[in-house]
1. To the nearest Å, what is the center-to-center distance of region B:113-185 and region A:146-195, using C-alpha atoms only?
2. Tell me which trypsin sites (Lys or Arg not before Pro) from region A:276-330 have a DSSP coil assignment and no more than 12 other beta carbons within 10 Å of their own.
3. What are the extents of the Cα atoms of region A:429-556 along their three principal axes, in Å, largest first?
4. Note down the nm distance, to one decimal, between modelled labels 7 Å out along Cα→Cβ at B:N227 and at B:D106.
5. May I ask you to sort B:T176, A:T256, B:T207, A:T500 by Cβ crowding, counting other Cβ atoms within 10 Å and putting the fewest first?
6. If the reach is capped at under 12 angstrom between alpha carbons, list the aspartates and glutamates near A:K38, excluding any in the same chain fewer than eight residues apart.
7. Given a cut-off of 43 Å, what percent of all Cα-Cα pairs of chain A lie beyond it?
8. Mean separation of Cα pairs under 8 Å and 6+ residues apart, divided by the residue count of region A:181-337: what relative contact order is that in percent?
Amino acid sequence: MRIVETDVVVIGGGGAGLRAAIAVAMRDPATRVALVSKVVPMRSHTVAAEGGAAGVVRADDTLDNHFNDTVSGGDWLCDQDVVDYFVAHCAEEMIQLEHWGCPWSRHEDGSINVRFFGGMKVQRTWFAADRSGFHLLHTLFQTSHKYPSIQRHDEHFCVDLIVEDGRVTGALAIEIATGEFTLFLCRAVVLATGGAGRVYRQNTNAGIVTGEGMGLAYRHGAALRDMEFVQWHPTCLPGTGILMTEACRGEGAILTNKDGYRYLQDYGLGPLDPWPRAKAMELGPRDRLSQAFWHEDKKGRTVQTPQGSAVNLDLRHMGAEKILARLPLITHAARTFAGVDPVEQPIPVRPAVHYTMGGVAADMRCATEIAGLFAAGECSSVGIHGANRLGSNSLAETVVFGKVAGESAAEFARGAGGADLARAQDRARQAADRALGLLAAPKGERVAAIRGEMMDAMEEGVGLYRTQEGADGACRKIADLRARYRDGVKLDDANRAFNTEWLSAIELGMMLEVAQAMAHSAAWRKESRGAHQRLDAAERDDEAFLVHTLARRNGDGAPVIVSSPVTITKSPPRSRVYGGEGKQAQLT
Amino acid sequence: MSERRIRIEGLRYNPEKDTQPRLQTYDVPFTDDMSLLQGMQYIKDHLDGSFTFRWSCRMAICGSCGIMVNGNPRLSCETFLRDLLPGPVRVEPLENFPIQRDLAVDQGRFVDTLASVKPYVVPAQEKPLSAGPHRQTPEQLAAYYQYSQCINCLLCYAACPQVGLNEHFVGPAALTLLHRYNADSRDVGWSARADVANSEGGVWGCTLVGYCSQVCPKAVDPAHAINQNKAKSALDYFGLRSLLGGAR
């Protein structure tokens, strides 16, 4: 087993991980950073974010606007002290990215242009055409080469954390090319491993978005918070789930049903005119739009495609020039993957799983319940998204809290002692043996079989609309799948070198546990709030459920679900209203 | 309707066991909307879990899934089985890279050279965040924007004969990145990058075959990026860089 001694280990090389690593390096070049990622960082899923990142910059916008849009967008389940910190630091991170070379789109005079997103009172989305995540990620990845204290360990798959006496002292990873183990000994760890969308079948997420970071922390006793809140993005290609960015609507696209009718006006987002206007119709929040699709589908007013029902995302009135300039990736993706030219035809779209609002519970400094373990980005729950994330807040979150996590970890590392080598090696050997046990299993089921049943169970029982019966059914099914997984998965491939079947078996073990936390949290929350909609409890219930959900692992059994308070500072819960009267907005 | 199938011939190589690569044949059911990547995933999930290849985003932006398809460098996610009828479809690892296993190649040739081109803004003067963003007009943005679109998929390395012949050649994507920063109005790093650009393995390593630009899935045009720098490099050689104007 190779041993790498370092100060801070960052697991994950997407937006949050890279920003964390750079933050450590900028704070003190003498602090060693090991950036451990299962892919080369520029392959990370941040790359697929399209629309942009929020940051108050216009003279007619305020931090209070961003705060209020975020808190009402999250149906008041946001921790308001953390939201305050977040909105106050978004713009400076966007400027930092600009200084590092990010090609943000501009006005004619060379100043930054910003666009509308759903649920936004004033335009505040910084964008680089519709490849904003791609540019953000590549800018961070390329900039990271400036800092020699960042040592990258690309294509290293993290299988366990080393935790001694409640403090993290290392991480164990498989070097994918050889299948050999590397033990990283450190003083602090930043988890920046992204979401868990792939526990569902139809989603926008890349194949690597399998939630191990959540699983790693959860297995060591950290709580997963608000896991029932899963965001369905309303506009994705049927079948593949490929994302058609919200920026389409931010630039003026409309949604129609099979009769060409703008159906959102029937679901609390109207009236139609004047159009466009902020926080109304197609500029409503994602949860409401996805839910409207569900009802429209039930009414039989959707378009039928070979890959399932859909509605029309219509960009045509924007004209070819604007479509190609502002939405080049979407144009290419629609032509390639849907065979539709958005200049000529509407794009068929439907909701698909996009984002996990919940994650490893962390405070405003990104500290988790495990000493020395920090979390940032989609794998974390620092408390800004509540029950429904506002579009443009996730890219902003990766950099704002990536930086915080890096600085917190660097600070912690400075005051912490090193690992006990013998104990750490002992733990690492046990973890390695468990992983190797999967390679040697003599009999069992295929990874794809168990994974497929998990995805179907989640779609069915913990979907866009839930019931007690459905969620309980998913809980039972996932428990059964965990038992089958323990009984054995049989790999075709018993080799060590570049064995991606082995890695997917390890991923599956953690996905099942994360899926179980989601299902049990959904079964526990007997109300409807944001992205968690219960047909058998249709109203929001602030008396009983204005609380976070905490899921704690309980061995091979069902997780224990408890609640924790939500921090409310200046915005007491109100009813969440979109649509209504308003003045016409100027799209930028 | 009877199920349609297409034959996929995959190159197999396991460093722990094989002395030579070999081809293995799989028959895969398909529908018209299926990508080659989805066909390969079918093999992995249902026929042979040991068949090894990289993929992630499946929407042509992460750059993971580049392979040779019937001898041409392609992204498997945006190559469709319907366009490869009647088959068989041969899938092999990208040319000009050592094989790690099956279709997965060692990407070090690109990744390890990145630092040498200083792929970050070298500013004339560090500017505090409180000073706000730089102004950069759409025209200034356009000067480098195309070259910032590279997804590092390495198809151009598989296409480039010089990558195969000259181990010192920095390579099309890395040199394009060098040009991307040189062409950025916020950057004054040309001289810091000149050693690499002007070296034997730099822009002069390119013999202007231009196949890199043909296979690029993002129309980045590495050949153009590299050859713009030949002019600059030549002027550098004669000490006439000031002819191009400005401090850069």
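Each value in this text was obtained by applying a stated rule to the coordinates, not by laboratory testing. Just so it is clear, the structure is predicted and the values come from calculations on it, not from any experiment. As a convention, Cβ positions derive from the backbone with ideal geometry for all residues, glycine included, and neighbour counts pool all protein chains shown.
1. Value for the Cα centre distance between the two parts: 29 Å.
2. Sites meeting the loop and neighbour criteria: A:K299.
3. Each principal axis gives a Cα extent; for region A:429-556 these are 54, 27, 23 Å.
4. 3.3 nm
5. Result, fewest neighbours first: B:T207, A:T256, A:T500, B:T176.
6. Filter leaves A:D154, A:E155, A:E175, A:E212, A:E507.
7. Working: 25170 of 172578 pairs.
Within chain A, distances greater than 43 Å cover 15 percent of Cα pairs.
8. 20 percent
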